[in-house]
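The values are calculated or read from the model by the stated rules, or taken from the named source; none is laboratory data. Everything numeric here is computed off the predicted structure, so don't read it as measured data. Positions of Cβ are backbone-derived with ideal geometry, glycine not excepted, and every protein chain shown enters the neighbour counts. Quick note on the areas: whole protein, heavy atoms, side chains included, nothing else; ligands and nucleic acids left out. Shrake-Rupley method; radii C 1.70, N 1.55, O 1.52, S 1.80 Å.
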Amino acid sequence: MQLRIDAVTKQYATVTAVNQVSFQIQSGEIFALLGPNGAGKSSIIRMLVGMTKPDAGSISVCYQDQTFHHVPRRLLGYLPEDRGLYGDKSVEKNLLFLAQLHGLGKTEALSRMDHWLEVFELTERRHDDLKQLSKGNQQKVQLIAAVLHKPALVILDEPFSGLDPINQEKVVDFLKQLKQNGMTVILSAHQMAMVEKLADRMVLMAKGEVVLAGTLAEIRQQAQPEVQIQLSSKVPLPADWLRSLEAVTAVEMHQPEQALLTLQRDAEVGPVLQQLLGRIEPEQIAMQKPDLHQLYLNAMSRHQGQTPQEAAA
Amino acid sequence: MISRQSLIVARWEFLRFFKWKQQLISYLLMLAVMGGVFAWVYLTDESRQQYRIAVPGSVVVQNTEQFEFQRPSIDLSQQLQQLRDHQTWHAVLSYQDGSWVLHTGASSKWLPQLEQVLQSYFQLQRAGDFGLTDAQLTELQQPAPIERSFLDDDFKGEDTPEKMIAFAVLILLLIGLSTAFGQILMSITGEKQQRVTEQLYAILTPQQWMDGKVLGHSLSALKAMLTTTLVMLVFFLVVSVLVAGEAMDLSWLNWWVILWLIPFALAGVLLCACFMGAIAASIDDPNTSGKGVVMMVTWLPLLFTYLVIDSPSGWAMTLLSWLPVTSFAVMPVRMSMVEVPWWQLSLSLALLLATVYYMRRLGGRIFLRGMQMYGKEPSWGDIMRWALSRKAD
């Protein structure tokens, strides 16, 4: 399966929810859509599912030599952002109903259900009404419902929301398992730490536009081209001397003995380190590698013309 | 064609509201209540008791099965005291200031019957005063017989068994539509409230979803109609065969009429379910929307039928029996009272089925478009535009 989104635009009344967005998703990868609320992630997902159509641009899904303009229902497992199941029916009845709608026979559906309920430690609760389950457990049931029929493509809109850290980790494992089973996964999320562990590729969106796209390494390259060096010593550091270094653009003194140096874009790190070691006897010296959260904030701030702190706020 | 997925949804919807234990208990309760009402009416039937009436010595009225007239020798005040003390008398008749007065403790069901007996007695007395014989008086009391003669050969008569069946079908339709009304509103808006709809959209088309809903709730309506019929039939059999000791006679049933009643009733239920489904699909929150009331429009054909029932050959009933939105209720009543050619029945049914198909498509379209509005409820203008649009979904 290959999924291609080409210059897609979607407008609601006076709001442009998605503006000229393009990206591709390859078979078997985990692809993340990242962005703040209103970035256009759910609008893209709804167009992929076929609920809405693009006003401009195109979506093409290639599967077994056939091309579609949205993901065909038979290939799709979907967890919408706005989600719920029948609270007055048991876990088993809910899952069986959805599985049968997907074309599974009862025996097959029950057998697959056994596996996933075991994975999510919900076997004991299978005969309980859904409304008796906690919100997190209800969400797990919905995740099971999205994959019970072994779809080729799973689209999960905010799969981590409402889950505690332990269950978030379980969902990470669950998604890895889907990937191992050959499924392609598209997910939207705010939880950068989770996405960092999972996603093969991602796009960062803001106000309906793609801000950054690629693998995590590529995003790092795009979002944080400046190298940062964390420096600490037993004695106070010479701040003025550090600022006078040619390759250094900024020095943040956290304490008199600790500093964060930001180097010029494309600066050679080796000569700078040699200069530092010639003058200072460092207790610790390390190249700082920003996490996805920081990259996300940097990208957002750059896109919106704000500082990372303002973007975070 | 109905898809396999629609059938799964229909089964799900039907079973969601089918709690067989509760249903059984409610029907047993219904039977018990009907039995209780019957027993109460039987036990409190005052016409089966005998009442003692004190009359003045001058009144020589003959006793009947219900009333025993006595002329006591005690004076009126003593008679009235006995009446107050609930002794001896159920009523006392006296002549005061030139008119007859009937004294009783309180109003009773048997009083009009007593007055009728006394009126007959006094009329007989007056007839004697005028020199009329009993036979002449009896003749005088008989109303002049006026027979109705209907020149319309197609008219079957005023109180035919077919008309009773058509009336029964109207009542059953009312029961069925009431059942469907509540269930459809709860099911469709409930799904939106529980946020199941978007997930379902990824599995089946809006049309498949709407077809399943309509079918499932139509089945529920038919089940309500069928079980009510069975309960009524059981009650009728118990009363007529076991209580009244009559033989079971169903020869008055006109199977030709019943054969036509069934498809009209089925199509009518489907049409109303499609309409209700379409309206419910346009409701985002039933607590704040005023659209739910519009679903009751489906009861109007039943009301119209009742209003025109006295003129089965009139233009109003003829017109309504052709209009697809009313024909399901009106045509069965019309055909039960006048002869309707088979081609008219077929054409009316075909029009009705075509409207069911259109309404079904409209329901699917409203569901899809309503969902695309993300929580914003479509206006009547939007719905009208979708109804008139020929654009494929």
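Data table
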{"read-out": "Criterion violated by B:Thr189 - all others in (1) modelled with pLDDT under 90; (2) under 13 Å from B:Val269 (Cα atoms); (3) within 14 Å of chain A (Cβ to nearest Cβ) satisfied", "value": "(2)"}
{"read-out": "Qualifying residues in region A:166-182 (those that are of a type in the set (S, T, N, Q) and not in a loop (DSSP other than H, G, I, E, B)) - the one farthest from A:Phe31 (Cα to Cα)", "value": "A:Asn167"}
{"read-out": "Unique match (being in the same structural domain as A:Ile25 (by TED's automatic domain parsing) and on the phi > 0 side of the Ramachandran plot) among A:Lys150, A:Lys131, A:Lys89", "value": "A:Lys150"}
{"read-out": "Residue in region A:85-94 that is surrounded by the fewest Cβ atoms within 10 Å (Cβ to Cβ), counting only those that are closer than 19 Å to B:Lys213 by Cα and in contact (Cβ under 8 Å) with a residue 40 or more places away in the chain", "value": "A:Asp88"}
{"read-out": "Scope region B:192-205; condition facing chain A (nearest Cβ under 7 Å) and either assigned to a helix (DSSP H, G or I) or modelled with pLDDT under 85 (or both); matching residues", "value": "B:Gln194, B:Arg195, B:Glu198, B:Gln199, B:Tyr201"}
{"read-out": "Of residues in region B:29-45 being under 25 Å from B:Phe181 (Cβ atoms) and at pLDDT 85 or above, the one farthest from the other protein chains (Cβ to nearest Cβ)", "value": "B:Val33"}
{"read-out": "Members of region B:8-31 found to be surrounded by fewer than 16 Cβ atoms within 10 Å (Cβ to Cβ) and in contact (Cβ under 8 Å) with a residue 24 or more places away in the chain, listed by number", "value": "B:Phe18, B:Gln23, B:Tyr27, B:Met30, B:Leu31"}
{"read-out": "Filter result for B:Ala265 (small (Gly, Ala, Ser) and more than 24 Å from B:Ser379 (Cβ to Cβ))", "value": "yes"}
{"read-out": "Only one of A:Gln100, A:Gln66 that is within 8 Å of chain B (Cβ to nearest Cβ) and either open to solvent by 10 Å² or more (accessible area, probe 1.4 Å) or free of Cβ contacts under 8 Å to residues at least 12 places away in the same chain (or both)", "value": "A:Gln100"}
{"read-out": "Conditions (1) over 28 Å from A:His149 (Cα atoms); (2) outside any loop (DSSP other than H, G, I, E, B); (3) touching a strand residue (DSSP E or B) at 6+ places or on another chain (Cβ under 6 Å): number failed by A:Phe23", "value": "(1)"}
{"read-out": "Among the residues listed as B:Leu349, B:Leu345, B:Leu319, the single one being of a type in the set (A, V, I, L, M), at pLDDT 85 or above, in the same structural domain as B:Ile262 (by TED's automatic domain parsing) and surrounded by fewer than 18 Cβ atoms within 10 Å (Cβ to Cβ)", "value": "B:Leu319"}
{"read-out": "Matching residues, region B:83-118, being under 23 Å from B:Glu65 (Cα atoms) and assigned to a helix (DSSP H, G or I)", "value": "B:Leu83, B:Leu111, B:Pro112, B:Gln113, B:Leu114, B:Glu115, B:Gln116, B:Val117, B:Leu118"}
{"read-out": "Tabulated pairs, region B:293-309, first closer than 16 Å to B:Ser336 by Cα, second at pLDDT below 85 and not in a helix (DSSP H, G or I), C-beta under 8 angstrom, 6+ apart or interchain", "value": "B:Val308/B:Gly314"}
{"read-out": "Single unsatisfied condition, A:Asn167 versus (1) touching a residue at least 24 places away in the same chain (Cβ under 8 Å); (2) among the polar types (S, T, N, Q); (3) under 21 Å from B:Trp12 (Cα atoms)", "value": "(3)"}
{"read-out": "Search result, residues across region A:47-63 that are within 11 Å of chain B (Cβ to nearest Cβ) and open to solvent by 50 Å² or more (accessible area, probe 1.4 Å)", "value": "A:Lys53"}
{"read-out": "Long-range neighbours under 6 Å by Cβ, at least six apart or interchain, first residue charged (D, E, K, R) within region A:1-26, second surrounded by fewer than 18 Cβ atoms within 10 Å (Cβ to Cβ)", "value": "A:Arg4/A:Gln24; A:Arg4/A:Ser60; A:Asp6/A:Ser22; A:Asp6/A:Gly57; A:Asp6/A:Ser58; A:Lys10/A:Asp55"}
{"read-out": "Residue match in region B:81-89 (condition: in contact with a helix residue (DSSP H, G or I) (Cβ under 8 Å, 6 or more places away or on another chain) and open to solvent by less than 50 Å² (accessible area, probe 1.4 Å))", "value": "yes"}
{"read-out": "Unmet criterion (only one of (1) touching a residue at least 24 places away in the same chain (Cβ under 8 Å); (2) within 11 Å of another protein chain (Cβ to nearest Cβ); (3) crowded, with 18+ Cβ neighbours inside 10 Å; (4) not in a helix (DSSP H, G or I)) for A:Gln138", "value": "(4)"}
{"read-out": "Given (1) of a type outside the set (Gly, Ala, Ser); (2) open to solvent by 10 Å² or more (accessible area, probe 1.4 Å); (3) under 30 Å from B:Ile2 (Cβ atoms); (4) within 14 Å of chain B (Cβ to nearest Cβ), index of the condition A:Leu79 fails", "value": "(2)"}
{"read-out": "Meets criteria (out of contact with any helix residue (DSSP H, G or I) (no Cβ under 8 Å at 6 or more places or on another chain) and aromatic (Phe, Trp, Tyr)) for B:Phe17", "value": "no"}
{"read-out": "Leading residue by the ranking (nearest to the other protein chains (Cβ to nearest Cβ)) among those in region B:168-181 that are open to solvent by 30 Å² or more (accessible area, probe 1.4 Å) and of a type outside the set (A, V, I, L, M, F, W, C)", "value": "B:Thr179"}
{"read-out": "Residue among B:Thr298, B:Thr228 that alone is away from chain A (no Cβ under 14 Å) and touching a Cys at 6+ places or on another chain (Cβ under 8 Å)", "value": "B:Thr298"}
{"read-out": "Residue that is nearest to B:Lys109 (Cα to Cα) [pool: residues in region B:2-28 that are within 13 Å of chain A (Cβ to nearest Cβ) and among the basic types (Lys, Arg)]", "value": "B:Lys19"}
